[in-house]
Each structure stands twice: as structure tokens, then as C-alpha cells.
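A short write-up of the structure that comes next.
The values are calculated or read from the model by the stated rules, or taken from the named source; none is laboratory data. These numbers were taken from a predicted model, which means no experiment stands behind them. Positions of Cβ are generated from backbone atoms using ideal geometry, with glycine treated the same way; all protein chains shown enter the neighbour counts.
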Amino acid sequence: MSESRFTPRVFSGIKPSGGLTLGNYLGAIKRFVQTQDAGTHETIYCVVDLHAITVWQDPAELKSATREVAAGFIASGVDPERSVLFNQSQVSQHAELAWIFNCVARVGWMDRMTQFKEKAGKNAEKQSLGLYAYPSLMAADILLYHATHVPVGEDQKQHVELTRDIAAKFNHDYKVDFFPMAEPVIEGPAMRVMNLRDGTKKMSKSGESDMERINMTDDADTIAKKLQKARTDAAPLPETLEGLDGRPEARNLVDIYAALADIPPAEVLARYPGAGWGTFKPALAELAVEKLAPISREMARLMDDPAEIDRLLARGAERAREIAAPVLRETYEIVGLLRG
Ligand code: AMP
Ligand code: TRP
């Protein structure tokens, strides 16, 4: 299938299931902004509230987390004029297309999704049906806009591949060339930012201890304290990247530095040859504060005016519907759903 007939268009989303972390920023939002600023693609960014409710969310907290993620996007440089920025539930076409995809995707495909297995653990029976079907909704998010590129952290790669499987099966079953094969865009040192207390686990919004993550709302002192206390081994920084093999915590801090400074990890080692943690951690903390403190300040300023955030999201939803409605209409036509 030729992809050239599709407008180069980026879609990505973040769940409002708690505050934003440094993992969200480096693995996703920072790259959303770079793509928007490059100007080569239309950019559509979504606060995916329908995804968040696949696990229980307190209603009042869900609203405030939705605004907070939107504020995080804007404070980091997503421009609601140049990008389309909205929350998912305001564009009902997402849920409608997801239903159609539920009828295209196979149960066996869902059974292979590692994120579901990890989240569900031994309690798969007790999870919501929505959590199980989640990748089908994610495919709808992407394909509703005929998006060609999807910037995500590494944990989402399998879901974007499933999106391609759904697009291919739909096109094949209905003998059309309607949905594009969306490409995951996973690059840079921070595609997987790890937990500061255990370098084998990813940094997430929901870990037990606040010391294991950096929140986008943390103030300068908190950021510095968490990085100072980050777990490491006793050895100093090596000369080469290979020297970080088998040292996940050390590797993570070097990768975080690289992503914040926009340099390759090898260059971090060249800047701090053989440095001990007593030298490297304060340097990392200083860099992190320099990059993150202005964003958290701007987020706080935006959060002071929730009505303005709501207005921006409603306007973004209107623009999103202009793209989504014709795609859904045509999908209904292809499937043979009668419209008056
Ligand atoms: P979520 O918070 O699960 O909705 O994730 C939103 C986006 O942030 C997705 O693109 C994730 O892949 C990315 N992301 C979340 N946590 C991390 C992490 N620790 N490292 C890199 N990317 C992440
Ligand atoms: N599933 C993604 C996550 O947990 C969030 C998401 C939902 C998404 N829909 C999307 C990401 C569409 C990219 C494109 O991180």
C-alpha cells in the first residue's frame, strides 16, 4: 500500500491517570514539541481520558488530571494553535471507531499484549473489559485521523504494531485502501526512562514511592533531592557506553542527562570522563532543574485558570472533529452501516 497519498500527520496521546513524569516528558512530550516545531507534519495531541478510565479514576481527580496533562503539554511548548490539542472524550468518534475495531481485532491479538499482562498480573479476571480492549481504542485514536506517525515511548511499540494489524485487516476484509500503516516513532536516549530506585523498572505515574520518579510539578529542591538520592552502584562513570552494560541505574542517569541536554549518551561520558557520583549527580540535578523548573512554573500558572484550559481543549476538540467526522462517516459507509 502506498503511504504517499496520506498527509504526513502525527497523533499521540497521554493518559490523565495521575501527574506527568519525567518519563512522559522525555519519552513523549519533548518530541511532540520538536515535531510540531519542525513543521513537516500536522500534529494532533490528545489527553486520552477514555483510556484513563480503563482503571478506576476518581471523577474529580480525573478532571483535574486532564487539565494538568493539557497544561503540561502547553507549558512544554505544544502550541494549541499550531497543533490540535484536545481531550479524547470530547470527540465521540474515538469511541465509535473503537467499536468497529473491536469487531476487526481478534481476541488472540489482545491476548498477546504484554502491557495488559503486566498490568493485570494474576488478576486478569478482575480487570475491566475496557483495559483488555484498550489497544483497539488506541488504534481508533490513531486511524481516525489517518495518522502516519506515532511518537511514543518504547512501551507502546506493540500497540502501534497492533494498530497496523487492525488497519491491514480492515483494508483487506473490506477490499479498500482506506487506513494508513501508521509508523511508531521511537528514538533518542529516553525512549524508556527508568525508575530512580530500581533501574530495571520503568518510571511511571503510579509507582509506590514518590522518590522513584520526577513529577513535572516537582519544584527545584525536590528534583535535586530525588536525583541526589537516586540509586546507583559504587563505580564511577566509564569511558565508553559498553562500560554501562549491566549497570541499569548508571545507564539511566546518563540517558536522562543526554535527553535533557540533547546530546548522545557517549558525549555525556566524554564530558565527565571517569567522574564519580559526587560530581555527576549535582551536574545532572542542575541541568534537570534548569530544564524542568520553568515548565513546572508555567504549568502552575496555567492551572490557576482552569476555564482557559477548558476553552482551549473545547476549541481543539472542534478542530479534531473536523478531521475525524468525515473519516468515521466513510468508515460507516465501507462497513455498510445505514445512514439516513
Ligand atoms: P502514559 O503516561 O502511559 O499515558 O504514557 C504516555 C506517553 O509517555 C507514551 O508515549 C509512553 O510511551 C511515554 N512514557 C511513559 N512513561 C515513560 C518512561 N518511563 N520512559 C519513556 N517514555 C514513557
Ligand atoms: N496507550 C498510550 C499509553 O499508555 C496512550 C495512548 C492512547 C496513545 N492512545 C494513543 C499513544 C494513540 C499514541 C497514540 O501511553
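Just a few scattered comments:
- Residues of the range 29-55 that are in a helix (DSSP H, G or I), of a type in the set (Val, Ile, Thr) and either away from ligand 2 (no atom under 14 Å from the Cβ) or not assigned by TED's automatic domain parsing to the domain that holds Ala139 (or both): Val33 alone.
- None of Val160, Val150 is within 16 Å of ligand 2 (Cβ to nearest atom), under 24 Å from Tyr25 (Cβ atoms) and in contact (Cβ under 8 Å) with a residue 60 or more places away in the chain except Val150.
- Total residues in the range 226-236, condition within 30 Å of the chain's Cα centre (by Cα) and either in contact (Cβ under 8 Å) with a residue 60 or more places away in the chain or crowded, with 16+ Cβ neighbours inside 10 Å (or both): 5
- Residue check, Asn171 over 24 Å from the mean Cα position of the chain (by Cα) and among the polar types (S, T, N, Q): yes
- Meets criteria (assigned to a helix (DSSP H, G or I), among the hydrophobic types (A, V, I, L, M, F, W, C) and within 12 Å of ligand 2 (Cβ to nearest atom)) for Ile142: yes
- Filter result (part of a loop (DSSP other than H, G, I, E, B), among the hydrophobic types (A, V, I, L, M, F, W, C) and more than 30 Å from Arg67 (Cβ to Cβ)) within the range 90-117: Cys103, Val104, Ala105
- Checking each residue in the range 16-28 for being among the polar types (S, T, N, Q) and in a helix (DSSP H, G or I) picks out only Asn24.
- For the range 58-75, the set of residues classified as of a type in the set (Ser, Thr, Tyr) and either assigned to a loop (DSSP other than H, G, I, E, B) or over 19 Å from Arg315 (Cβ atoms) (or both) consists of Ser64 only.
- Taking the range 202-252 as the range and being within 15 Å of ligand 1 (Cβ to nearest atom), closer than 21 Å to Pro264 by Cα and of a type in the set (Asp, Glu) as the test, only Glu249 passes.
- Which listed residue is in contact with an Asp or Glu (Cβ under 9 Å, 6 or more places away or on another chain), surrounded by fewer than 13 Cβ atoms within 10 Å (Cβ to Cβ) and over 22 Å from Ile14 (Cβ atoms), from Gly274, Gly278: Gly274
- Condition check for Ser89: touching a residue at least 12 places away in the same chain (Cβ under 8 Å) and surrounded by fewer than 16 Cβ atoms within 10 Å (Cβ to Cβ): no
- For the range 126-136, the condition holds for at least one residue, the condition being that it is within 13 Å of ligand 2 (Cβ to nearest atom), buried (at least 20 other Cβ atoms within 10 Å of the Cβ) and in contact (Cβ under 8 Å) with a residue 60 or more places away in the chain.
- Inspection of the range 177-194 identifies at least one residue that is of a type outside the set (A, V, I, L, M), at pLDDT below 95 and buried (at least 20 other Cβ atoms within 10 Å of the Cβ).
- Inter-residue pairs, beta-carbon under 6 Å, first closer than 25 Å to Ser128 by Cβ and in the range 35-50, second within 10 Å of ligand 2 (Cβ to nearest atom) and at pLDDT 95 or above, 6+ apart: Cys46/Gly13; Cys46/Gln88; Val48/Gly13; Val48/Lys15; Val48/Gln88; Asp49/Gln88; Leu50/Gln88
- Residue within the range 144-153 that is more than 10 Å from ligand 1 (Cβ to nearest atom), buried (at least 18 other Cβ atoms within 10 Å of the Cβ) and hydroxyl-bearing (Ser, Thr, Tyr) present: yes
- Those residues of the range 169-182 which are away from ligand 1 (no atom under 14 Å from the Cβ) and over 16 Å from Gly108 (Cα atoms), in sequence order: Phe170, Asn171, His172, Asp173, Tyr174, Lys175, Val176, Asp177, Phe178, Phe179, Pro180, Met181
- All of (1) under 21 Å from the mean Cα position of the chain (by Cα); (2) modelled with pLDDT of 95 or more; (3) more than 21 Å from Ala320 (Cβ to Cβ); (4) surrounded by fewer than 16 Cβ atoms within 10 Å (Cβ to Cβ) hold for Val107 with one exception: (1).
- Within the range 1-54, if we keep just the residues that are acidic (Asp, Glu) and more than 13 Å from ligand 1 (Cβ to nearest atom), the residue that is surrounded by the most Cβ atoms within 10 Å (Cβ to Cβ) turns out to be Glu42.
- Among the residues listed as Ala70, Ala60, Ala98, the single one being more than 15 Å from ligand 1 (Cβ to nearest atom), of a type outside the set (Ser, Thr, Tyr) and out of contact with any Ser or Thr (no Cβ under 6 Å at 6 or more places or on another chain): Ala60
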